[in-house]
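Only one structure is covered here, and it is reproduced in the block below.
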Amino acid sequence: MAEGPRPKRKREEEAEAGTVPHDGAAAAPFPLAELRLRRVLRESARDKAVFLHGEVTSPSGEGTDAVVILEKTPFQEEKVLDLLKKHTKLELQMHNDIYSTYHLYPPPELSEIKTTVVYPATEKHLQKYLRQEVHLIRETWEDYKNITLPFIQSQSFSIQWVYNILEKKAEADRIIHENPDPCNGFVLVPDFKWNQTQLDDLYLIALVHCREIKSLRDLTAEHLPLLRNILQEGKEAITKRFGVPGSQLRIYLHYQPSYYHLHVHFTALGYDAPGSSVERAHLLADVIDNLALDSAYYQKRALTFALRADELLFKKFQEAGRV
Ligand code: GTA
């Protein structure tokens, strides 16, 4: 950030409100070497990822929270041969008959760790990445109006990063496809979670130009042209650019999303992406069919989702006697 340090509380409020000058313009590299580890928020042996809460101390001595996600990346087929040839060391771990295991130490260019940083991170970011017990909620339309909607209006994460993409203030060079129509158009970009070096974990996201649609709950038949554009043009653009056919893409919306500006996830079918489980993912093709059958489908039916035990929204459902 170009400005001098602001009080921590103030920065958190600004980050939540999306008023921090985060227009993607002059992003300085994150000062990783100055990061002090506060705690491990979560660790996953299966995903080979660790979620860290760190603190960066400014020269004035003030600490600013950060979330740092370190994740080992999938192998790139074309680089495997390099890995075998250019290893710096192969150390025997055990040997038994025809079986043996080794520690192989690759050179730095073949041992990338994908690093995602949220900085400055708010308390809500820390909570989001902290491993916690989860509970299923069954939200009726009345629950949505009385509990969820007021919560979203007062508490949700800033969507400044979405506006930065739509206004080409950030990630403009990463855009894969755009339909510029203000009502029925969208921008397709690689998701944050994908480093684009291999297709196994392909992950893109379509962000709609219209700023009035918060989530699945707002959708009606009026939005069918927009949703059909996303489904068709998104698939075509991904096939053209990455050679992955539409039949190998999982295309879905999250409910609840983290960010209340309508967006659609495109992931490789063979990739078990975070958030692709039945309690969160709604296939776009099914959403389109449901709306074609009944324009008010998502204003009538109950929707199920999981919430972390100490999330404020979970507490609101508890207070209302709905859990
Ligand atoms: N291109 O600036 C961005 C950006 N941001 C801030 C978020 N996204 C972005 N993409 C670009 N640029 O897929 C992406 C996110 C996500 C989508 C928002 O926008 O990567 P959503 O509103 O439905 O919310 O989607 P979701 O899925 O909860 O988003 P998020 O923040 O990724 O959280 C995912 C959950 O998966 C977290 O709770 C986290 O604990 C877990 N997770 C597991 N592995 C990872 C990982 N490697 N990286 C991040 N989160 C992970």
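For the stretch 270-292, which residues satisfy the criterion of being over 17 Å from ARG217 (Cβ atoms) and surrounded by fewer than 14 Cβ atoms within 10 Å (Cβ to Cβ)? Show your work before the answer.
Step one: of the stretch 270-292, the residues over 17 Å from ARG217 (Cβ atoms) are 270-278, 285, 289, 292.
Within the stretch 270-292, GLY270, ASP272, PRO274, SER277, VAL278, ALA285, ASP289, ALA292 qualify.
In the set LEU188, LEU227, LEU207, which member is part of a helix (DSSP H, G or I) and surrounded by 19 or more Cβ atoms within 10 Å (Cβ to Cβ)?
Within the list LEU188, LEU227, LEU207, the selection yields LEU227.
Tell me which residues, restricted to the stretch 257-266, are touching a residue at least 60 places away in the same chain (Cβ under 8 Å) and within 9 Å of the ligand (Cβ to nearest atom).
Answer for the stretch 257-266, where residues must be touching a residue at least 60 places away in the same chain (Cβ under 8 Å) and within 9 Å of the ligand (Cβ to nearest atom): SER258, TYR259, TYR260, HIS261, HIS263, HIS265.
Of everything in the stretch 27-71, what is away from the ligand (no atom under 15 Å from the Cβ), in a loop (DSSP other than H, G, I, E, B) and either touching a Cys at 6+ places or on another chain (Cβ under 7 Å) or among the hydrophobic types (A, V, I, L, M, F, W, C) (or both)? Give them in sequence order.
Within the stretch 27-71, just ALA28 meets the criteria.
Condition check: modelled with pLDDT under 85, closer than 20 Å to ALA121 by Cβ and open to solvent by less than 80 Å² (accessible area, probe 1.4 Å). Does GLY61 satisfy that?
Details: modelled with pLDDT under 85: yes; closer than 20 Å to ALA121 by Cβ: yes; open to solvent by less than 80 Å² (accessible area, probe 1.4 Å): yes.
Yes; evaluated as a whole, the condition is true for this residue.
Restricting attention to the stretch 129-139, which residues are modelled with pLDDT of 90 or more and not hydrophobic (A, V, I, L, M, F, W, C)? Step through it out loud before you land on a result.
Going residue by residue through the stretch 129-139, those that are modelled with pLDDT of 90 or more are 129-130, 133-139.
Those that are modelled with pLDDT of 90 or more and not hydrophobic (A, V, I, L, M, F, W, C): TYR129, GLU133, HIS135, ARG138, GLU139.
Within the set of pairs 6+ apart or on separate chains, which have a first residue in the stretch 99-128 that is β-branched (Val, Ile, Thr), a second that is in a loop (DSSP other than H, G, I, E, B), and C-beta atoms under 8 Å apart?
If the second residue must be in a loop (DSSP other than H, G, I, E, B), the pairs left are ILE113/THR73; THR116/PHE192; THR116/LYS193; VAL117/PHE30.
Being near the ligand (Cβ under 8 Å from one of its atoms) and closer than 15 Å to VAL208 by Cα is the filter; apply it to the stretch 163-177 and report the residue that is surrounded by the most Cβ atoms within 10 Å (Cβ to Cβ).
Residues of the stretch 163-177 near the ligand (Cβ under 8 Å from one of its atoms): 164-165, 170-171, 174.
Going one step further and asking which of them are closer than 15 Å to VAL208 by Cα, we end up with 164-165.
Numbers: ASN164: 18, ILE165: 20.
Here the answer is ILE165.
The values are calculated or read from the model by the stated rules, or taken from the named source; none is laboratory data. These numbers were taken from a predicted model, which means no experiment stands behind them. In this analysis, Cβ positions are derived from the backbone assuming ideal geometry, glycine residues included, and neighbour counts consider all displayed protein chains. Ligands, DNA and RNA are excluded from the accessible area calculation, which covers all protein heavy atoms including side chains. Shrake-Rupley method; radii C 1.70, N 1.55, O 1.52, S 1.80 Å.
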